[in-house]
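The values are calculated or read from the model by the stated rules, or taken from the named source; none is laboratory data. Quantities reported herein were computed from a predicted structural model and do not represent experimental measurements. As a convention, Cβ positions derive from the backbone with ideal geometry for all residues, glycine included, and neighbour counts pool all protein chains shown. Side chains included, ligands, DNA and RNA excluded: accessible areas come from the protein's heavy atoms. Shrake-Rupley method; radii C 1.70, N 1.55, O 1.52, S 1.80 Å.
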Amino acid sequence: MAKFYITTAIDYVNGNPHLGHAYEKIGADVIARFKRLAGYDTFFLTGTDEHSLNVARQAEAEGLSPKEFCDIMAGRFKSAWDKLNISYDRFIRTTDRDHVATVQDVVRRLNERGYIDKGTYSGYYCVSCERFIEESDIVEGKCPLHPSRELEWVEETNYFFALSKFQEPLLKHIRENPEFILPASRRNEVVNRIKEGLQDVSVSRSTLTWGVPFPKEIDDSQVVYVWFDALINYLTGAGYVPGRDEFGKRWPADLHYIGKDITWFHCVIWPATLMAADIPLPKTVFGHGFVTFKGAKMSKSEGVVVDPLKVVDSLGADSLRYYLMKAVPHGQDGDFSFEGLAEAYNSDLANDLGNLVNRTISMVDKYFKGQVPSPTGVSEPLDDELREVGQSAVRNAHKKMEELDLTSALGDIWTLITAANKYIEDAAPWVLAREGKKERLATVMLNLVEAIAKGVVMLSPFIPEASRKIWYVLGLPGKPEDVRWDENLEVANLLPGIKVTKTGPLFPRLDMETSDFATGEFRLAELAKEKKKEGKAKKADSPEKNLRSAEKEEAKKGEADVKDLISINDFAKLDLRVAEIVEAERVEGTDKLVRLEIDLGTEKRQIVAGIAQYYAADELVGKHIVVVANLEPAKVRGVESRGMLLAGFTEDRKELTLITVDKPVPNGSKVS
Ligand code: MSP
């Protein structure tokens with residue numbers, strides 16, 4: 001099986017994950033999920049870049065050691081990506097022990113080969129970019145990317161990497177391997193800059209202590225420069241073994257998926273380092289564009305930040321994933337707006353996709369008692385057209401995905417969703433039902449279910465949660481990810497006999513006038529921008545404190561998972577009971593809530609639980625769960641709940657698991 005090793009940039013942890021970071025991780029995740037579907041043995045690496053000067057300063061401002069600070073922040077990034085369903089295989093941190101060993105080994109290797117030399121550096125440094133800025137790039141005394149931040153003058157005796165020796169080899173490699181830098185526009189920028197000449201670059205810092213220590217035998221007073229350390233994460237993630245030429249089955253990387261601001265590091269310094277170390281080069285570096293907010297680059301230091309998690313809390317991960325992949329075209333910049341997101345949600349997800357699925361399921365339910373009918377052989381040109389759109393969508397989207405043009409692939413997939421909606425209107429199943437044309441009606445319903453199933457397989461890299469749900473309510477076996485992309489053309493074989501489950505709206509419509517999301521959030525982000533304009537925003541140079549004190553306390557204790565202790569008397573106040581679920585149904589108009597009727601032995605009662613994304617109502621009936629029986633009653637979305645069930649997340653936080661009993665016990669038994 002061919003392998004595919006994909007990496008993202010690793011994020012600085014001096015601030016919370018923002019929408020720009022999220023965009024990159026989502027894009028890479030869509031590619032990784034697609035590659036898995038296409039049959040590649042895929043490995044997806046992401047993580048955090050922790051040895052920056054910014055981090056050291058921020059930690060100091062918070063009264064924490066850099067490592068304590070990084071532990072908290074890396075946790076935030078990791079849980080943000082979990083919430084967005086980023087299917088990484090490893091979350092690497094540059095403070096990981098194996099990474100430190102890899103970095104030191106690479107430095108040793110370069111030194112042995114004569115590519116490292118001591119020299120004196122003097123020049124300007126941008127702490128936001130964590131890079132030395134050449135005089136010719138300085139704009140009005142500032143870094144061009146961070147105009148609100150002062151540059152810092154640095155004069156140090158450092159170790160330098162002999163980048164200047166690689167001008168010709170790099171140009172040759174880029175010439176002979178046009179897929180090395182994508183899109184082509186980035187390649188031209190890089191080539192032009194290489195042609196201007198390459199200077200040796202500093203790879204150590206002597207005035208810092210927060211970093212990977214330089215190998216002792218070379219110099220024990222320096223640390224490795226953060227960028228040099230960071231790039232090497234791609235080798236660590238591939239299973240680099242210090243001291244061995246051959247390593248990992250994953251290297252060379254197939255794709256470094258990174259932002260356009262860091263192409264210089266990835267397309268020049270990184271390949272030159274690998275050439276010097278005699279390690280094969282990655283196949284492709286793709287420099288994606290930026291997500292802007294009202295035209296400005298999303299950036300913590302520039303005060304333009306949209307919190308992706310707030311969006312997820314309001315509309316779910318799939319909505320953000322879908323919108324970003326649609327709004328930021330292949331390799332270019334794209335603007336994020338709350339109105340744009342709400343519009344894409346309502347019109348594409350709620351109307352086009354959600355309604356298509358709900359209408360189809362309702363009709364299969366009504367006309368065929370929920371059982372998808374078998375093929376009848378009666379087919380009309382209308383049917384062939386829909387099938388043709390489906391086959392082309394599978395082929396075209398595949399090609400676009402291979403080209404990493406995710407936006408166009410999404411467009412191709414949507415042609416099928418649009419065609420299926422049109423097919424409903426043209427075939428008018430309700431008329432066929434009225435006229436008693438049962439055979440024709442069966443063909444129409446089968447074709448619709450097939451179109452949806454095909455669409456869902458292709459959509460699963462983009463909107464994995466909704467895709468799984470649709471797959472489930474259609475009654476299809478397994479998960480949409482289990483179908484290989486090239487088998488998608490035969491998805492029809494899975495259909496006859498499956499039984500659909502009626503469900504509430506997949507994407508409940510957002511009321512643009514009243515919803516908190518559409519109005520409140522939008523105003524907040526606007527206000528932040530206004531504030532910045534008026535110069536009232538915090539001075540970027542003074543690290544702002546952003547950790548809650550409880551987080552700090554926990555970091556210091558080094559026991560982030562242990563909560564405050566309670567006494568046995570406190571515990572005794574809880575009335576935990578075993579209860580049997582006797583009825584379950586989705587709370588109408590909600591995405592997450594289920595109303596359960598539970599049997600507590602001496603009484604039956606109703607509880608409401610937010611588990612609809614993880615369990616279908618049918619699956620729940622008959623389970624013996626554990627509930628807190630003496631919780632005071634509360635109303636959840638207007639429905640009374642008398643008690644609370646216990647459940648926990650699985651290790652990857654992607655599934656919820658109910659706490660159940662593993663031997664039969666009478667309903668109402670006390671748990672202690
Ligand atoms: N730590 C370095 C990368 C080292 S990789 C060996 C870094 N970190 S970063 O936190 O500043 O950026 C991480 C990634 O997020 C980069 O690829 C960057 O381009 C991307 N983005 C940051 N803001 C962005 C947008 N507004 N839009 C899209 N991506 C952007 O650079």
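Residues whose amide H lies under 5 Å from that of ALA253, counting only those 5 or more places away or on a different chain, are LYS283; hydrogens are built 1.01 Å from N in the peptide plane. Taking 7 Å steps out from each Cα toward its Cβ at ASP662 and GLU487 produces label points 3.2 nm apart.
So for the chain, taking the charge dipole from beta-carbon charges (+1 Lys/Arg, -1 Asp/Glu), which of VAL378, LEU45, GLN199 sits furthest toward the positive end? Looking along the dipole axis, the top candidate is VAL378.
When restricted to Cα atoms, region 568-671 yields an Rg and a Dmax of 13.4, 41 Å, respectively. Under a 5 Å amide H cut-off, with hydrogens placed 1.01 Å from N, PHE43 pairs with PHE4, TYR5, ILE6 among residues at least 5 apart or on other chains.
Normalised per residue, the accessible area of region 568-671 is 58 Å², obtained with a 1.4 Å probe and no contribution from ligands, DNA or RNA. Here THR415 sits with roughly 70 square angstrom of accessible surface, probe radius 1.4 Å.
How compact is region 360-451 by the rule of thumb for globular proteins, expressed as Cα Rg over 2.2 N^0.38 Å? Write out the running numbers ahead of the final one.
Values: Rg = 14.8 Å, N = 92, 2.2 N^0.38 = 12.3 Å.
Output field value: 1.21.
With 0.36 nm allotted per residue and the present C-alpha distance subtracted, the ALA101-LYS142 stretch has 11.2 nm of extension available.
Here TYR367 sits with roughly 40 square angstrom of accessible surface, probe radius 1.4 Å.
Between region 594-672 and region 236-290, the alpha-carbon centres lie 49 Å apart.
Select from ALA433, CYS129, PHE462 the residue farthest towards the positive end of the dipole of the chain; place +1 on Cβ of Lys and Arg, -1 on Cβ of Asp and Glu, and compute about the Cα centre. Looking along the dipole axis, the top candidate is ALA433. 3J(HN,Hα) couplings calculated from phi for region 152-163 with the Karplus curve 6.51 cos²θ - 1.76 cosθ + 1.60 (θ = phi - 60°) are, in sequence order, 10, 7, 10, 9, 9, 8, 10, 9, 10, 9, 7, 4 Hz; Gly and Pro show x.
The calculated Kirkwood hydrodynamic radius for the chain is 27.8 Å, given to one decimal from all distinct C-alpha pairs.
Looking at the chain alone, DSSP beta bridges between its own residues are antiparallel in about 70 percent of cases.
Residue ranges 147-153, 347-353 sort as 347-353, 147-153 when ordered by packing (mean number of other C-beta atoms within 10 Å per residue, highest first). At what distance in angstrom do the alpha carbon centres of region 388-441 and region 68-142 lie from each other? Here the answer is 46 Å between Cα centres.
So for region 337-494, averaging the separation of alpha carbon pairs under 8 Å that are six or more residues apart and normalising by length, what relative contact order in percent results? Don't jump to the answer; show the numbers that get you there.
Numbers: 145 pairs, mean separation 40.7, N = 158.
Relative contact order here is 26 percent.
Measuring how big region 160-228 is from its alpha-carbon positions, Rg and Dmax come out at 15.9, 43 Å. Take the Cα of ASP245, step 7 Å along the line toward its Cβ, and report every residue of region 270-295 whose backbone nitrogen sits under 17 Å from that point. In region 270-295, the label zone of ASP245 (backbone N under 17 Å from the point 7 Å along Cα→Cβ) covers 274-281.
What is the dipole size for the chain, taken about its Cα centre, with +1 at each Lys and Arg Cβ and -1 at each Asp and Glu Cβ, in debye to the nearest 20? Kindly include the intermediate steps, with their values, before the conclusion.
Numbers: 89 positive and 105 negative charges, 171 e Å.
Dipole of the chain, to the nearest 20 debye: 820 debye.
Based on Cα contacts under 8 Å between residues 6+ apart, the chain shows a relative contact order of 12 percent. Over 28 Å apart at the Cα level, from the set LYS25/LYS216; LYS369/LYS469; LYS437/LYS502, are LYS25/LYS216. The relative contact order of region 23-87 comes to 39 percent, based on Cα pairs under 8 Å that sit 6 or more residues apart.
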